[in-house]
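Please read the structure below before turning to the comments.
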Amino acid sequence: MFCAAIFGLASGAGLPYMANQIFPRIVPEEGEAAAAVLSTWELLGYTLWLPAVFAVRGLGDYGNAYLINLCGARILEAIRLEFFTKLQALPLAFFRQRHAGDLISRGMADTNQLQITVTTVANEAFKQPITLLSALGYIIWLAAQDSNVLVILGGLALIPVTVFPIRYVGQKVLRRARQVQEEMGSATSRFSENLNAVQEVRAFNLEDREIKRFSATTHQLLRVQMKVVKYSRMLSPSIEVLSAIGISITLVLAYRLSMQLEPFIYLVTALYMSYGPVKKLGAMSNELRRGEAALDRIEAVLNEPVSITDPASPETVWRLRGEISFSGVEFAYAAEPVLRDVSITIPAGTVCALVGPSGAGKSTFANLVPRFYDAVQGVVAVDGIDVRRMRLADLRRNIAIVSQEPVLFHDTVYNNLLIGRTDATREEVEAAARDAFIHDFITALPQGYETIVGDRGATLSGGQRQRLALARAFLRKAPILILDEATSALDAQSEEMIQQALSKLVVGKTVIIIAHRFSTIRCATQILVFDQGCIVAAGDHETLLRDNELYRTLYNRQR
């Protein structure tokens, strides 16, 4: 930027210099002797002077623009990566309170606004102050040459006045820019929500409703965007009006003092050049406000405390046996109690089923084992070691999870299976697929294991997605297995096949089955009955069916 300014001055001075060197020699003034004729090399040198200066200036401008944009892109990349990395460390409780679309907007739209701000400010932060100081310096030099030029004080007096509209508009822009970023997050959330529910929207004829809701959201976004435009665009005319007033005052004072035309033109030009940078600095101030609003939303996530972390001095564990114990465990989401004084031991190698009404605490109980959440009170231990004393990676390496709605990535079947254990061989992946009774289906696909499954596995049926998730659990070979109604999406034939596979998989492992259907707990050796956050009964099927009324009621409902 500094080099570009220097070259600009050089090019501005180059033209008069060249004219002074050439024209007096060609057309001498009256009464002067004719100057010596320029040599070919002198004429060539003078001719190439101006193109050379502008060429260097052009290269300087290009390099300046390229490097500034590169800097902005690198900063954007670093912030987005830091933002994404922070999201990977935040606990699940954080995501229960946030819309996915809003987080996407913060990570993409807000960071993009920050890049624009950095690029704009970096391009103007040095150039405009230097231009302003140069113009003011020239005005002071003119004043030293001609006492009449002291009339500039009338024009210069309005320069500080421009601070007031800049400050007023800046405050308004900051507030409205924050609203724009929030509304952008709302619009992104609405868009994302619709895309994740395309089947439900079609099934319930919600297209018109969704269009109206999205239209209302985008209209609100448009309204606050125009507020930003209204305030930011009023700044430039305000400064221009003040500039015109200053120049007019200067004109009147110059007339009163009978100032010569030539110095007056120089003076007005210098004044105009001083107000130009002020106007651009005002625009830069508005851009800074937009960037500040975006940065506030990004920092809100970056400064979010990470409550579930590795301990300072972790216990060294490798492969766990799988004994799970809860001692006086209590847990709540915000102020809503979910588990109340839960104490139970699940011996290693036990297949334990969790049953009970919806909202009784079954899923929360299972989620405390891999430390998706931390108990508010009490201790969750594996093999007698408090899970909070283990490294998260060590603990979770010993646990395989199959959720009720398995998530597949937009990738190949093979890579989705490899998630279970990234260092597995091809033979191990295919063996896991056979154990989940999905190998034959995969080989029948057009590209076999290299077939893309689509967004969230959209090209596969629910049962196929579930069996792929089960194959990942087979591949992981973890001593602890958590199944959240893992066979709910399977037809009767597939479920029977999976039950056979599970009977082999559970041997030597501790298995927690979150059961909604009693047909899925036939292999359970221990059943825990939950009600209102408490374990109200424990035992095998026959004992609970005989002695526990809640279990008997739940069982009879599914007969």
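Points to keep in mind about this one:
- Among the residues making up the range 367-380, a single one is among the small types (Gly, Ala, Ser) and buried (at least 20 other Cβ atoms within 10 Å of the Cβ): ALA375.
- For the range 386-411, taking the residues that are crowded, with 17+ Cβ neighbours inside 10 Å and either of a type in the set (Val, Ile, Thr) or not assigned by TED's automatic domain parsing to the domain that holds LYS509 (or both), the one that is nearest to ARG456 (Cα to Cα) is identified as VAL402.
- If you go through the range 321-361 and keep only what is touching a helix residue (DSSP H, G or I) at 6+ places or on another chain (Cβ under 8 Å) and either among the aromatic types (Phe, Trp, Tyr) or not in a strand (DSSP E or B) (or both), you end up with PHE326, PHE331, TYR333, GLY356, PRO357.
- Residue check for ALA312: of a type outside the set (Phe, Trp, Tyr) and either closer than 30 Å to ILE399 by Cα or in the same structural domain as ILE512 (by TED's automatic domain parsing) (or both): yes
- Conditions (1) assigned to a helix (DSSP H, G or I); (2) touching a helix residue (DSSP H, G or I) at 6+ places or on another chain (Cβ under 7 Å); (3) more than 28 Å from SER358 (Cβ to Cβ); (4) modelled with pLDDT under 90; number of the one not met by ARG434: (2)
- Candidates ALA36, ALA89, ALA73: the one that is at pLDDT 80 or above, more than 26 Å from ARG290 (Cα to Cα) and exposed (fewer than 15 other Cβ atoms within 10 Å of the Cβ) is ALA89.
- So PHE441, is it closer than 26 Å to VAL506 by Cβ, surrounded by fewer than 19 Cβ atoms within 10 Å (Cβ to Cβ) and either touching a helix residue (DSSP H, G or I) at 6+ places or on another chain (Cβ under 9 Å) or assigned by TED's automatic domain parsing to the domain that holds ARG396 (or both): yes
- Of all residues in the range 393-413, none are among the β-branched types (Val, Ile, Thr), in a loop (DSSP other than H, G, I, E, B) and either modelled with pLDDT of 90 or more or at positive phi (or both).
- Each residue in the range 288-328 was checked for being over 35 Å from the mean Cα position of the chain (by Cα) and over 22 Å from GLY349 (Cβ atoms), and 1 pass.
- Here the condition is being more than 11 Å from the chain's Cα centre (by Cα) and within 30 Å of VAL338 (Cα to Cα); of ALA100, ALA89, ALA65, ALA73, it holds for ALA89 alone.
- Test: residue in the range 281-304 that is surrounded by fewer than 19 Cβ atoms within 10 Å (Cβ to Cβ), not in a helix (DSSP H, G or I) and not hydrophobic (A, V, I, L, M, F, W, C): yes
- Residues that are farther than 15 Å from GLN500 by Cα and over 36 Å from the mean Cα position of the chain (by Cα) within the range 429-442 comprise GLU430, ALA431, HIS439, ASP440, PHE441, listed in sequence order.
- Flag if ALA312 is assigned to a strand (DSSP E or B), small (Gly, Ala, Ser) and over 30 Å from VAL228 (Cα atoms): no
The values are calculated or read from the model by the stated rules, or taken from the named source; none is laboratory data. Worth saying up front: this structure is predicted, and the values here are computed from it rather than measured. For neighbour counting, all protein chains shown are included, and Cβ atoms are generated from backbone atoms with ideal geometry for every residue, glycine included.
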